[in-house]
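Novice: This is the structure I have questions about; it appears just below.
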Amino acid sequence: MKSIWNQPVQLPQKNRLTSNMRADAAVIGAGMAGILAATLLAQQGLKTVVLEAKTIAGGVTQGTTAKITSQHNLIYKKLIDAFGEEKAAQYAAANQNAIAKYKEIIDQNGIDCDFEQKNAFVYSLDDPKIIQSEVNAAQRIGIPAAFTEKTGLPFGTAGACMFPDQAQFHPLKFIAALAEGLTILEHTMAKEIDGKEIHTDGGTLHADFIVVATHYPFINMPGYYFLKMHQQRSYFIALENASPVDGMYIEAGGDGFSFRDYKNLLLLGGANHRTGENKDGGKYDIIRKTGGEWYPGATEKAFWSAQDCMTLDGVPYIGRYALTTPDMYVATGFNKWGMTGSMAAAMILADMIAGRKNEWADVFSPQRMDILPSAKNFASNAAETVSALADEIFMVPKETLAQIKEGDAGIVESHGEKVGVFRSEDGQAHIVTTKCAHLGCQLAWNPDENTWDCPCHGSRFDTDGNVIGNPAMKGLWGNKKLSRSQQNKEVF
Ligand SMILES: Cc1cc2nc3c(=O)[nH]c(=O)nc-3n(C[C@H](O)[C@H](O)[C@H](O)COP(=O)(O)OP(=O)(O)OC[C@H]3O[C@@H](n4cnc5c(N)ncnc54)[C@H](O)[C@@H]3O)c2cc1C
Ligand code: FES
């Protein structure tokens with residue numbers, strides 16, 4: 001399931017690390033956050049090396065909708081209430097400046113990436129009041145927001161909050177252009193960081209400054225990001241012959257639909273859920289059914305899904321990785337707004353590393369101590385983790401191997417152990433442990449993707465136990481494939 005961004009783009013291919021190396025700055029991860037951080041660090045004269053475990057833009061960035069906007073659903077009213085006007089204004093300014101910085105980089109380098117300025121809208125179907133209060137909040141901190149009932153959507157709304165002069169683009173064309181000029185080592189996973197040394201299987205990279213831009217940070221301690229982030233998945237389809245919406249739209253509250261055009265296609269998404277909580281599946285069906293009602297003559301050209309890290313208070317973690325790591329930085333927790341988020345992170349980290357004061361940095365500090373806005377989400381994340389850990393130890397499987405049909409999966413008991421079994425169309429049983437390779441929570445089957453997903457921090461594994469999404473760094477142990485005749489000899 002490739003997104004529309006993968007199809008026509010040739011990303012540069014780079015070598016892997018094969019010996020020890022030195023750099024002024026190392027960036028770990030070549031997604032949007034890593035590429036932008038590396039670009040700005042290299043621009044300020046630092047010898048910068050990017051380490052990428054897989055390939056450039058092979059992570060979440062390839063599944064983004066690529067709206068470049070400071071309108072992150074209904075965030076400004078919440079930010080003012082939780083942090084006060086000053087910090088809400090920092091958030092707004094960082095993201096508004098990020099839009100301008102994209103334009104500057106694209107113009108200066110003549111990058112052909114289908115960049116277009118568009119208005120962004122957050123709409124409500126039934127509550128004009130929440131829209132009006134977001135308009136008021138955004139205006140208070142300097143964004144020229146407006147209330148409107150006029151949208152390009154195929155249905156009426158109770159009103160929308162419009163931010164003018166936002167943008168959209170083709171994220172992989174943009175990255176391909178920047179990556180050309182950067183030193184990037186692909187297929188080089190950072191396994192461990194020890195002071196200024198990053199250890200990989202191919203050698204050690206020594207760097208004075210280290211930026212961890214790995215989507216979910218891979219160092220559990222210090223930092224403790226696993227206590228403050230979960231992941232959320234969303235599903236998208238691209239429709240041809242749907243009338244253009246001429247703008248970027250998201251439904252207020254985050255459970256509704258997202259719209260944007262790309263050339264002759266309409267990108268329609270939604271059906272969000274916490275990763276690891278999609279037992280019944282059918283997420284694409286929800287979007288296809290609704291899309292079919294709104295755009296009866298349209299044809300589906302692509303479908304894909306992706307997930308992002310969600311923080312406790314809805315604000316990314318950008319800054320020092322931990323109080324005890326003065327030269328190690330992090331950019332994560334973009335809450336599905338990592339286009340402007342990554343650019344804001346790159347600008348903030350470039351300033352911090354150069355020893356310049358950055359006037360937006362406070363609100364993003366990973367060490368922020370504003371407990372109240374986070375308390376409820378901290379409690380629900382902790383409860384989720386405890387429940388998934390308890391499931392791994394105590395949940396008794398109810399299914400038997402024989403009950404699992406072709407194309408389906410379930411958790412069964414084998415030799416007194418709990419295992420996850422996917423039965424492929426040829427009848428083979430693909431058997432994995434259900435214990436997540438990150439911190440041991442019980443994995444759950446995602447029938448829309450045919451993957452084993454972790455509800456705790458969102459790691460994902462394919463049916464043969466290979467890791468396809470972090471924070472887990474390795475695959476599941478004890479995997480095997482059994483044909484039908486072998487299954488009969490096994491004790492299930
Ligand atoms: C469905 C969906 C729609 C979205 N739409 C929008 C949108 O319209 N606008 C917007 O602003 N944001 C959007 N986002 C959010 C945005 O796409 C992400 O926040 C952003 O792409 C994250 O970029 P990243 O660089 O942090 O992560 P990634 O792109 O995942 O990059 C991280 C990289 O690090 C590498 N890596 C991981 N571990 C290691 C290691 N140990 N060593 C070396 N390399 C490693 C990975 O292989 C990967 O390439 C959306 C997100 C989703 C899920
Ligand atoms: S992702 Fe952390 S325990 Fe699974």
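Novice: Between residues in the stretch 1-27 that are more than 24 Å from residue 263 (Cα to Cα) and residues that are of a type in the set (Ser, Thr, Tyr) and surrounded by fewer than 19 Cβ atoms within 10 Å (Cβ to Cβ), which pairs lie under 7 Å by C-beta distance while being six or more apart or on different chains?
Specialist: 20/204
Novice: Against the definition (away from ligand 2 (no atom under 16 Å from the Cβ), modelled with pLDDT under 95, among the small types (Gly, Ala, Ser) and surrounded by fewer than 21 Cβ atoms within 10 Å (Cβ to Cβ)), how does residue 82 come out, yes or no?
Specialist: Yes, satisfied.
Novice: Enumerate the pairs (first residue in the stretch 407-423 and among the acidic types (Asp, Glu); second residue anywhere and surrounded by fewer than 21 Cβ atoms within 10 Å (Cβ to Cβ)) with beta-carbon separation below 6 Å, excluding pairs fewer than 6 apart on the same chain, so at least 6 apart or on different chains.
Specialist: Correct list of pairs: 413/397.
Novice: Out of everything in the stretch 460-482 that is away from ligand 1 (no atom under 11 Å from the Cβ) and within 17 Å of residue 233 (Cα to Cα), what residue ends up being surrounded by the fewest Cβ atoms within 10 Å (Cβ to Cβ)?
Specialist: Only one residue fits best here, namely 462.
Novice: Here's another thing I want to ask about it. Can you name every residue in the stretch 166-205 that is within 11 Å of ligand 1 (Cβ to nearest atom) and of a type in the set (S, T, N, Q)?
Specialist: Matches in the stretch 166-205: 166, 168, 188, 200.
Novice: Then there is this: Out of the stretch 1-39, which residues are farther than 19 Å from residue 334 by Cα and part of a strand (DSSP E or B)?
Specialist: 21, 22, 23, 24, 25, 26
Novice: Mind checking which pairs have a first residue in the stretch 40-64 that is part of a loop (DSSP other than H, G, I, E, B) and a second that is surrounded by fewer than 23 Cβ atoms within 10 Å (Cβ to Cβ) and of a type in the set (Asp, Glu), Cβ under 8 Å, 6 or more apart or different chains?
Specialist: Filtered contacts from the stretch 40-64: 46/24; 47/24; 52/186; 54/186; 55/186; 56/186.
So that you can scan it fast, the table gives a plain yes or no per residue for (1) surrounded by 19 or more Cβ atoms within 10 Å (Cβ to Cβ); (2) under 22 Å from residue 227 (Cα atoms); (3) among the hydroxyl-bearing types (Ser, Thr, Tyr):
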{"position": "307", "(1), (2), (3)": "yes, yes, no"}
{"position": "310", "(1), (2), (3)": "yes, yes, no"}
{"position": "317", "(1), (2), (3)": "yes, yes, yes"}
{"position": "320", "(1), (2), (3)": "yes, yes, no"}
{"position": "325", "(1), (2), (3)": "no, yes, yes"}
{"position": "353", "(1), (2), (3)": "yes, no, no"}
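Novice: Let me confirm something: among 290, 324, 340, which residue is polar (S, T, N, Q), more than 9 Å from ligand 1 (Cβ to nearest atom), out of contact with any Leu (no Cβ under 6 Å at 6 or more places or on another chain) and in a helix (DSSP H, G or I)?
Specialist: 290
Novice: Would you please name the residue that is farthest from ligand 2 (Cβ to nearest atom), looking only at residues in the stretch 234-263 that are over 29 Å from residue 133 (Cβ atoms) and aliphatic (A, V, I, L, M)?
Specialist: 242
Novice: Within the stretch 410-459, count every residue that is near ligand 2 (Cβ under 9 Å from one of its atoms) and aliphatic (A, V, I, L, M).
Specialist: Counting residues in the stretch 410-459 that are near ligand 2 (Cβ under 9 Å from one of its atoms) and aliphatic (A, V, I, L, M) gives 3.
Novice: Determine, yes or no, whether residue 462 is among the acidic types (Asp, Glu) and under 30 Å from the mean Cα position of the chain (by Cα).
Specialist: yes
The values are calculated or read from the model by the stated rules, or taken from the named source; none is laboratory data. In this text the structure is predicted, and so the values were computed from the model without any measurement. Quick reminder, even Gly has a Cβ in these numbers, built from the backbone with ideal geometry, and neighbours come from all protein chains shown.
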